[in-house]
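So the structure is just underneath, and the comments pick up after that.
The values are calculated or read from the model by the stated rules, or taken from the named source; none is laboratory data. In this text, all values refer to a predicted model and were calculated from it rather than measured experimentally. With ideal geometry, Cβ positions are generated from the backbone for all residues, glycine too; neighbour counts draw on all protein chains shown.
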Amino acid sequence: MVFQLIRTVFLVLLRVEMLLMLVRALLSWIPNARGAVYEFIVMMTEPVIMPVRRVVDRFLGKSALPVDVSFIAAYLLLYLLSLILGAV
């Protein structure tokens, strides 16, 4: 019973983080969208993206691709984790 509650809360937090990452990606394409909301979203998503960015930079280098591969990799890792937890 307690495990079920913890898993549900963790899944909700994962999905909220994934949603914030999508909003961050969309806002990054809009000029002049930088403001308090964007800064809050960056503050909430950067702790997830930064460790992945360090690993990706180590293998690909900092300017290997014009797209932030670490962002995509972090999102996919969260998605995979949510699938695994959802299937338990």
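Looking for whichever is assigned to a helix (DSSP H, G or I), loosely packed, with under 12 Cβ neighbours inside 10 Å and not charged (D, E, K, R) here; the options are Leu80, Leu85. Which one fits?
That would be Leu80, the only listed residue that is assigned to a helix (DSSP H, G or I), loosely packed, with under 12 Cβ neighbours inside 10 Å and not charged (D, E, K, R).
Could you grab me the full set of residues in segment 1-51 that are of a type in the set (A, V, I, L, M, F, W, C) and within 13 Å of Ala74 (Cα to Cα)?
Within segment 1-51, the subset of a type in the set (A, V, I, L, M, F, W, C) is 1-3, 5-6, 9-14, 16, 18-23, 25-27, 29-30, 33, 36-37, 40-44, 48-50.
Correct list: Leu14, Met18, Leu19, Leu20, Met21, Leu22, Ala25, Val48, Ile49, Met50.
Go through segment 1-57 and count every residue that is of a type in the set (S, T, N, Q), assigned to a helix (DSSP H, G or I), out of contact with any helix residue (DSSP H, G or I) (no Cβ under 6 Å at 6 or more places or on another chain) and over 16 Å from Val67 (Cβ atoms).
So the first thing to find is which residues in segment 1-57 are of a type in the set (S, T, N, Q), and the list is 4, 8, 28, 32, 45.
Now drop any that are not assigned to a helix (DSSP H, G or I), which leaves 4, 8, 28, 45.
This time we only want the ones that are out of contact with any helix residue (DSSP H, G or I) (no Cβ under 6 Å at 6 or more places or on another chain), so: 4, 8, 28.
Of the ones still in play, those that are also over 16 Å from Val67 (Cβ atoms) are 4, 8.
Residues in segment 1-57 being of a type in the set (S, T, N, Q), assigned to a helix (DSSP H, G or I), out of contact with any helix residue (DSSP H, G or I) (no Cβ under 6 Å at 6 or more places or on another chain) and over 16 Å from Val67 (Cβ atoms): 2 in total.
Residue by residue through segment 58-77, note down the ones that are of a type in the set (D, E, K, R) and in a helix (DSSP H, G or I). Explain how you work it out, then say what you get.
The initial filter retains those residues of segment 58-77 that are of a type in the set (D, E, K, R), namely 58, 62, 68.
Correct list: Arg58 only.
Being surrounded by 10 or more Cβ atoms within 10 Å (Cβ to Cβ), among the charged types (D, E, K, R) and at pLDDT 90 or above, is that true of even one residue in segment 25-38?
So far as segment 25-38 goes, no, none of its residues is surrounded by 10 or more Cβ atoms within 10 Å (Cβ to Cβ), among the charged types (D, E, K, R) and at pLDDT 90 or above.
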